[in-house]
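J.: Handing you a structure now.
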Amino acid sequence: MECPRCHKMFQSHSIGEHTVDVCESCDGMLVQQKHLIRLLETIYAGIAAAGEGCIEEQPAKVPDQGGGLSCPLCGETMGNSGYQGTHVVFIDRCSSCWLLFIDGGEVGPMAMLHARTTHHVESNRAFQSEWVAGFVRRHWVGPSV
């Protein structure tokens, strides 16, 4: 398959248990949307194990390479949007076959954004659980004897 950015050929590579197509010229990556979250979790685990990257820090903005790419699988024009609604990383997505094209240099910041979101959701869930339990004790159960 041909890279939609630079029109060179993709090569298959393994990242953990995932096989992805990577352009040997521009480092762009093709990923099926259904595999993205697990791939980002694998990449972040590698970043964390290497002691690099802090999920409390916002990743630096990656300059957008531009949209309007043709999907290498079906030929449809891919949409271009900010990952997780941010303006940190813009990815290209085919709405016909759900294929994602991630430009070289974007997957690391995407893994960091995913890890930050997951961490904050888990932290909020724990806080909310404790808050609700305290509220119930204060307002319905009364002080413990």
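J.: Please verify whether Gln84 is modelled with pLDDT under 95, surrounded by fewer than 14 Cβ atoms within 10 Å (Cβ to Cβ) and touching a helix residue (DSSP H, G or I) at 6+ places or on another chain (Cβ under 7 Å), treating the condition exactly as stated.
T.: Details: modelled with pLDDT under 95: yes; surrounded by fewer than 14 Cβ atoms within 10 Å (Cβ to Cβ): yes; touching a helix residue (DSSP H, G or I) at 6+ places or on another chain (Cβ under 7 Å): yes.
Yes, satisfied.
J.: With under 20 Å from Arg116 (Cβ atoms) and in a loop (DSSP other than H, G, I, E, B) as the only criterion, which of Pro72, Pro63, Pro59 stands out?
T.: On the way: Pro72 fails: under 20 Å from Arg116 (Cβ atoms); Pro63 fails: under 20 Å from Arg116 (Cβ atoms).
Testing whether each residue is under 20 Å from Arg116 (Cβ atoms) and in a loop (DSSP other than H, G, I, E, B) leaves just Pro59.
J.: State the number of residues belonging to segment 18-38 that are farther than 15 Å from Arg93 by Cβ and either touching a Ser or Thr at 6+ places or on another chain (Cβ under 7 Å) or not charged (D, E, K, R) (or both).
T.: 8
J.: Follow-up question, since we're still on this one. Out of (1) surrounded by 15 or more Cβ atoms within 10 Å (Cβ to Cβ); (2) part of a helix (DSSP H, G or I), the odd one out for Ile37 is which?
T.: (1)
The values are calculated or read from the model by the stated rules, or taken from the named source; none is laboratory data. Fair warning: this is a prediction, and the values are worked out from it, not measured in the lab. Here Cβ is always computed from backbone atoms with ideal geometry, including for glycine, and neighbour counts include all displayed protein chains.
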